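Visitor: Structure provided below as C-alpha cells; questions to follow.
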Amino acid sequence: MVTRPVPDQAVTRPLPDQAATRPLPDPVSQLTHSVALLPFSSALGSSTSSSQEDQNIATSTKLKNILPTHTLHQADTPHQADTPHQSHTPHQVSHSPEEFGSGTESGREVQTVREQQQLLVRDYILSEKHSIGVELWDTERKQDLNNNQLAVLICGFLNTQAGGTIYAGVKRNGLVRGIPLERKDRDTMRQMLDRVLASMINPRVPPNIVDIDFVSVEDKSRPSCPYRLLVVMVKGQSEGLDKVYMAHNLTTRSQVEEGAYVRRGTGPVFNIKLGHQEMLRLVERR
C-alpha cells in the first residue's frame with residue numbers, strides 16, 4: 001500500500017491588529033465632529049455674534065428713549081430775536097442723560113459719549129418753549145453762567161412736583177446760539193454745579209436729583225468753535241411737596257436775592273421769589 005505524503009497545511013500567521021496600531025481619537029475633536037453633525041449646529045456658531053448684536057441694539061434703544069426728542073427748525077432770519085420763523089423741515093436730535101453725578105469720573109466718561117452723539121445747529125429754533133417747566137437762559141458767554149442765578153433757578157424747579165429743565169445758550173424765543181465751552185470749561189461748570197448743590201441750596205439736595213449735560217452746537221461758518229448748550233435737568237418732588245428749598249449763601253455781587261423760589265405765573269418770568277409771609281404759609285402746609 002502506497003502512502004502519499006500529506007501536503008503541508010498552510011501555516012496561518014496572525015495579522016497585526018490594525019485597531020491596536022491605530023491612534024486613539026482625540027476626545028475633544030470627536031465631540032466637535034459629533035456636534036457638527038447635529039441639525040442645530042449651524043445656529044450655534046452665530047449665537048455669540050447675534051447676542052452681541054442684540055445687546056448693542058438694546059443699548060442704543062435705551063439711550064434713545066431716556067429723554068424726549070427735541071425738534072429744531074431753522075430760523076429764516078437768524079438774529080431777529082423777536083419774530084423767528086420755523087421751517088417745515090424738522091431736524092431731530094435725541095438726548096440721553098444718565099443718572100450720574102456731575103462730578104464723578106464715570107459721569108464724565110458718559111458725558112464725553114453724549115457730547116459726541118448729540119448735535120444741534122446754531123440759529124435753529126428749539127421746540128422747547130420758555131415756560132413753567134422750561135427755563136431758556138439767554139446767555140452766550142461763559143462769564144454769565146454764574147452760580148447765583150443757577151442756584152435760584154434750580155431752587156424754583158425743586159419746589160415743584162414736575163421739576164424742569166434749564167437750557168443755557170438759548171434765547172427766550174427759542175433761537176439756539178450756544179456758548180463757547182472748551183473741555184476744561186465744561187469741567188468747571190460741573191464743579192460749579194456741585195458747589196451750588198452742596199452749599200447754596202437749603203436743605204441739601206439729595207443725589208441723582210439734578211444732572212448736567214452739554215449739547216454740541218454746530219456753526220457751519222465757524223466749525224472749529226466749541227459751541228455748547230448747558231442743560232441742567234431737575235427732578236421735582238413727584239411724591240409730594242414736603243420740602244421747601246431755599247437759595248442761600250449767595251455772593252455779595254449777586255443780582256438775585258436769597259430765599260425760596262417757585263415756578264408759576266404767565267411769564268415771561270416764571271421763577272418767582274416767595275415773600276416772607278407766603279413762605280411761612282407754604283412751610284406750614286408742608
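Every read-out reported here was derived from the displayed coordinates using simple, explicitly stated rules and does not represent laboratory data. Since the structure is predicted, the reported quantities are computational estimates derived from the model, not experimental observations. We place every Cβ from the backbone using ideal geometry, glycine too, and count neighbours over all the protein chains shown.
Visitor: Can you tell me the FRET efficiency between S224 and K129 if r is taken as the Cβ-Cβ distance and R0 is 30 Å, rounded to the nearest 0.05? Before the final figure, lay out the partial values.
Guide: Details: r = 31 Å, r/R0 = 1.04.
For R0 = 30 Å, the calculated efficiency reads 0.45.
Visitor: Loop only per DSSP, at most 10 neighbouring Cβ atoms within 10 Å: give me the GluC sites (Glu not before Pro) in the stretch 197-286, ordered by residue number.
Guide: Working: sites: E218, E239, E257, E258, E278, E284; in loops: E239, E257, E258.
Loop-located and lightly packed - E239.
Visitor: Where nothing but the Cβ of Lys and Arg (+1) and of Asp and Glu (-1) is charged, how large is the charge dipole of the stretch 235-286 around its Cα centre, in debye to the nearest 20? Can you show the working numbers first?
Guide: Values: 9 positive and 6 negative charges, 25 e Å.
Roughly 120 debye for the stretch 235-286.
Visitor: Kindly flag which residue pairs out of K129/K235; K171/K235; K235/K273; K184/K235; K171/K220 have an alpha-carbon separation exceeding 21 Å in this structure. Mind showing how you got there, number by number?
Guide: On the way: K129/K235 18 Å; K171/K235 23 Å; K235/K273 19 Å; K184/K235 27 Å; K171/K220 19 Å.
K171/K235; K184/K235, as the Cα separations exceed 21 Å there.
Visitor: Right, next: Looking at the square roots a ≥ b ≥ c of the eigenvalues of the Cα gyration tensor of the stretch 145-231, which shape do they give, rounded for a/c under 1.5, prolate if a/b is larger than b/c, or oblate? Before the final figure, lay out each step's value.
Guide: Values: a/c = 2.67, a/b = 1.72, b/c = 1.55.
Since a/c reaches 1.5 and a/b is larger than b/c, the shape of the stretch 145-231 is classed as prolate.
Visitor: Sticking with this structure for a sec: What does the C-alpha gyration tensor say about the overall shape of the stretch 228-286? Classify as rounded when a/c is under 1.5, otherwise prolate if a/b is larger than b/c, or oblate.
Guide: Numbers: a/c = 1.60, a/b = 1.19, b/c = 1.35.
In terms of gyration-tensor shape, oblate.
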